[in-house]
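Notes follow once the structure below has been shown.
The values are calculated or read from the model by the stated rules, or taken from the named source; none is laboratory data. These numbers come from a predicted model, not from an experiment. Counting neighbours? That spans all protein chains shown, and the Cβs are built from the backbone with ideal geometry, glycine included. Protein only, heavy atoms only, side chains kept; ligands, DNA and RNA dropped before computing areas. Shrake-Rupley method; radii C 1.70, N 1.55, O 1.52, S 1.80 Å.
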Amino acid sequence: MAPITSGTVPRSTKMHSKVVIIGSGPAGHTAALYLARANLNPILFEGFMANGFAPGGQLTTTTEIENYPGFPNGIMGPELMDKFREQSIRFGTQVITETISKIDLSARPFRYWREGQESEEPETAETVIIATGASAKRLHLKGEETYWQSGISACAVCDGAVPIFRNKSLAVISGGDSAAEEATYLTKYDSHVYVLVRRGELRASKIMAKRLMSSPKIAILWNTVAVGCRGDGDLFDNLRIKNVLNGDERDLPVSGLFYAIGHEPATALVRNQLQTDEDGYIVTVPGSTQTSVKGAITSAGSGCMAALEVERLLAEEEADSREDGPV
């Protein structure tokens, strides 16, 4: 896939930038750090509850993080993202707490509009880094919102080692490979894990299904779905479940609930302008973070790589411009 070279449009009289970063998670701030240190004066739009998250992305909904290097005693998710933000600003990134609601990638410089300003003159950027991330799919069960990140999580690897989950009864929802991996991982901490499978068979690969079914610490509840969550007001401690064949409901006392039902990429802003896969994830040129449109880069979990792509592209175009001489 070769990136499409778009046409040209006039620069904005409101604000024109060499690079705009859309998104404020770890990948977005990593890109900002590298670009700021390269004196490219990046603009980072961190959004205002964009995709339902506060500036900083999914980590702002996480409690204690114990597996990030440099913090031997752990660090809270919002605190870590505050540090990312401070470091980006320290090196010269301009952080704007507004949401980009519309972007036009059909010509360069790219035109974009802030939320609430869609009918006004757009701002422009030579390049754009899409660092909008993804959000875990949720079931929106009764009581789920109350105990989200207080016993309910979408990442066993991230949260499974937290003391409230160790040596406890836990539940994992889904019958695919991700569920098998997460359930198996949770047993490392002497936990007993129930896996809720809606059907009478697993969707997981044969090797993962065998591993799941042979573990003495894992019990599979076939033809079972979750219908509600309860707790003591502070922590989740009970899952209401239902047998889909006979409709019977009962309580399942567990101290943790983990969703393994996938993620939803936050790519609606560009999905009709860039090549994406069937799940909505942006397709990149193999071995790079370059998308199907030249100058539009996706962080794709690698903010450093995205920043280097932008720096290289701008340097090449500046050199070409010098060779061509004044128009």
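Per residue, how large is the accessible surface of segment 138-259? Use a 1.4 angstrom probe and give square angstrom.
Normalised by residue count, the accessible surface of segment 138-259 is 50 Å².
Which value, in debye to the nearest 20, describes the size of the charge dipole of segment 138-259 about its Cα centre when Lys and Arg Cβ atoms bear +1, Asp and Glu Cβ atoms bear -1, and nothing else is charged?
440
For helix 77-90, what angle does its Cα long axis make with the longest principal axis of the chain, in degrees from 0 to 90 and rounded to 10?
Rounded to the nearest ten degrees, it is 10.
Report Rg (one decimal) and Dmax (nearest whole number) for segment 138-259, counting Cα atoms only, units Å.
For segment 138-259, the Cα radius of gyration and maximum Cα-Cα distance read 13.2, 40 Å.
Using a 1.4 Å probe over the heavy atoms of the protein chains, calculate the carbon and sulfur portion of the accessible area of the chain as a whole percent.
Exposed carbon and sulfur together represent 49 percent of the surface.
On average over all directions, what projected area in square nanometres does the chain have, based on the convex hull of its Cα atoms?
19.6
As a test, work out the antiparallel percent of DSSP beta bridges whose residues both lie in the chain, rounded to the nearest 5.
Taking every DSSP beta bridge with both residues in the chain, the antiparallel ones total about 40 percent.
Relative to the longest principal axis of the C-alpha atoms of the chain, give the angle of the C-alpha long axis of helix 26-37, reported between 0 and 90° and rounded to the nearest 10°.
The two axes meet at around 30 degrees.
To the nearest 20 Debye, how big is the dipole of the chain about its Cα centre, given +1 on the beta carbon of each Lys and Arg and -1 on that of each Asp and Glu?
So the magnitude is around 860 debye.
Using the Karplus curve 6.51 cos²θ - 1.76 cosθ + 1.60 with θ = phi - 60°, what ³J(HN,Hα) values do you get for each residue of segment 277-293, in whole Hz, with x for Gly and Pro?
With coefficients 6.51, -1.76 and 1.60, one gets 8, 5, 8, x, 6, 6, 8, 10, 4, x, x, 9, 10, 6, 8, 6, 10 Hz.
If I stretch the segment between residue 244 and residue 67 completely, what's the gain in nm (0.36 nm per residue apart, minus their alpha carbon distance), one decimal?
59.9 nm
Please enumerate, by chain and number, the lysines with C-alpha under 20 Å from the C-alpha of residue 242, excluding those fewer than 8 residues away in the same chain.
Partners within reach: 142.
How far is helix 177-186 tilted off the main Cα axis of the chain, in degrees rounded to 10, range 0 to 90?
70
For a 28 Å ceiling on Cα separation, which of these pairs sit above it: 102/294; 83/217; 83/294; 18/102?
83/217; 83/294
Based on the Cβ-Cβ distance from residue 187 to residue 106, what FRET efficiency comes out when R0 is 51 Å, to the nearest 0.05?
Efficiency for this residue pair is about 0.50.
Find the cysteines in the chain that fail to meet the 4.7 Å Cβ criterion with every other cysteine, and list them.
229, 304
Counting each pair of different Cα atoms once, what's the Kirkwood radius of segment 24-144 in Å, rounded to one decimal?
Across segment 24-144, the inverse of the average 1/r is 15.8 Å.
For residue 120 and residue 89, what is the calculated FRET efficiency with R₀ set at 25 Å and r taken between the beta-carbons, to the nearest 0.05?
Result of the calculation: an efficiency of 0.40.
May I ask which residue of 110, 282, 48 lies farthest towards the positive end of the charge dipole of the chain, with charges of +1 (Lys, Arg) and -1 (Asp, Glu) on Cβ and the Cα centre as origin?
282
In deg cm²/dmol and to the nearest 500, what is the mean residue ellipticity at 222 nm of the chain if only DSSP H runs of at least 4 residues count, each as -39500 (n - 2.57), divided by the residue total?
Result for the chain, helices only: -7000 deg cm²/dmol.
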